[in-house]
Amino acid sequence: MSDLEKIKQLRQSTGAGFKDCGSAIDEAKGNLEKAAEILRVKGISKASKKMSRIATEGVVAISGNENKKSVIEINCETDFVAKNDDFINFVKEVSEINDSVNSDLEKLKKNPMKNAKTVDENIVALISKIGEKITIGRAKTFNHEGSKIFNYLHTVVKDNLSKLVVLVSIETKDNSDLLKTFGKQLSMHVAASNPLAIESNNIEKIILDKEISLISEELKNTGKSDDIIKKISVGKINKFKEENALLSQPWVMEPKKKVRDIIKELKINDLTIKDFYRLKIGE
């Protein structure tokens, strides 16, 4: 086999560049197996250096069905790589694995892929091939008994991959087209309005404390009395809670009505919004 044929074969099996393959074959004195091992070791070294970079681009992938759905975020450094076929194929397979392990990222990383290598090993190989930092970000699985899971994908990159994904879990025995339309629209609403909780009393205390602190700082130098400042603060925090609780937000499709009004109009007596999850790349 000529040196050129060896380089072609090594490139095909490892995905490494022409020069890297040539150097590895020279170092291995023509032994392809040893050359592949050299590239793997060098790839890990290169991958380690690239892991110090910032990866804020990428895609969110969704998988599953009406009763169980999962989302996962895979980050890279540039939008160009986020559209690369090797990256996309990797993300699609990882997304299916993520659904099977219920978004347990430790299990996911150790899980074998179709090529018999683990997800972690494939990340290292992909970093070496593509030349960018690639990381697994956030992940979530909805699997609520008695609930139907709806989703919305915004800025679709390809198929089940996008820049923003919303999952909404609705508990009901109803299975009408009316419910399906509402589920889809509610997912779109969450994408646009980005609520913090379903109801105002579910907003995390740490978020409210930070908002109260900001409001106090804003009013501190107004010259108003403490009593007036206290009243204004209460009004502002109540408004903040109303604007950020899903049920009290203006319905995106009909802003004069609140989300809870739309639910009442559906007349589906056992309907309850169980949970929602909004995942956007870079946020």
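Structure notes:
- By the rule of a C-alpha distance below 15 Å, with chain neighbours fewer than 8 residues away ignored, the aspartates and glutamates paired with Lys257 are Glu242, Glu243, Glu265.
- Note that the stretch 147-157 has calculated 3J(HN,Hα) couplings of 10, 10, 9, 10, 8, 9, 10, 10, 6, 5, 8 Hz, one per residue in order, obtained from phi through the Karplus relation 6.51 cos²θ - 1.76 cosθ + 1.60 (θ = phi - 60°); glycine and proline are x.
- Kirkwood Rh (inverse of mean 1/r, distinct Cα pairs), the stretch 117-232, angstrom: 18.9
- Residue with peak Gaussian network fluctuation, the chain [Cα springs, cutoff 10 Å], from Ser176, Ser147, Ser100: Ser176
- Its residue count N sets the reference 2.2 N^0.38 Å, and the alpha-carbon radius of gyration of the stretch 57-166 equals 1.03 times that reference.
- Rounded to 0.05, the FRET efficiency of the Glu243 and Ala116 pair, given R0 = 51 Å and the Cβ-Cβ distance, is 0.50.
- Applying the Karplus relation 6.51 cos²θ - 1.76 cosθ + 1.60 with θ = phi - 60° to the stretch 245-252 yields 3J(HN,Hα) values of 9, 3, 5, 9, 6, x, 5, 4 Hz, where x marks Gly and Pro.
- Taking every alpha-carbon pair under 8 Å whose residues sit at least 6 apart, the stretch 196-283 reaches a relative contact order of 30 percent.
- Of the DSSP H helices in the chain, those whose Cα atoms cover at least 18 Å axially and whose Kyte score averages 0.0 or more: 177-193, 205-220
- Computed over the stretch 187-238, Cα set: Rg, Dmax in Å: 14.0, 44
- FRET efficiency for the Thr222 to Thr272 pair, using the beta carbon distance and R₀ = 41 Å, is estimated at 0.45.
- Contour minus Cα-Cα distance for Asn102 and Asp159 (0.36 nm per residue): 18.4 nm
- Amide proton proximity set for Ile198, modelled H, under 5 Å, gap of 5+: Leu246
- Per residue, the Cα convex hull of the chain amounts to 166 Å³.
- The lysines whose alpha-carbon is closer than 22 Å to the alpha-carbon of Lys19, local same-chain residues fewer than 8 away aside, are Lys6, Lys8, Lys29, Lys34, Lys42, Lys46, Lys49, Lys50, Lys129, Lys133.
- Gly137 long-range amide H proximity, modeled H, under 5 Å: Glu73, Ile74, Asn75
- Under 5 Å between amide hydrogens, built in the peptide plane, is the criterion, and for Lys274 it picks out Ser169, Ile170, Glu171 among residues at least 5 positions away or on other chains.
- Length-normalised contact order for the chain - Cα pairs under 8 Å, 6+ apart - percent: 18
We did not get these values from a lab; they are worked out from the coordinates using the rules stated. As the structure is a prediction and not an experimental result, all values here were calculated from the model. Note that we place each Cβ from the backbone using ideal geometry, even for glycine, and neighbour counts take in every protein chain shown.
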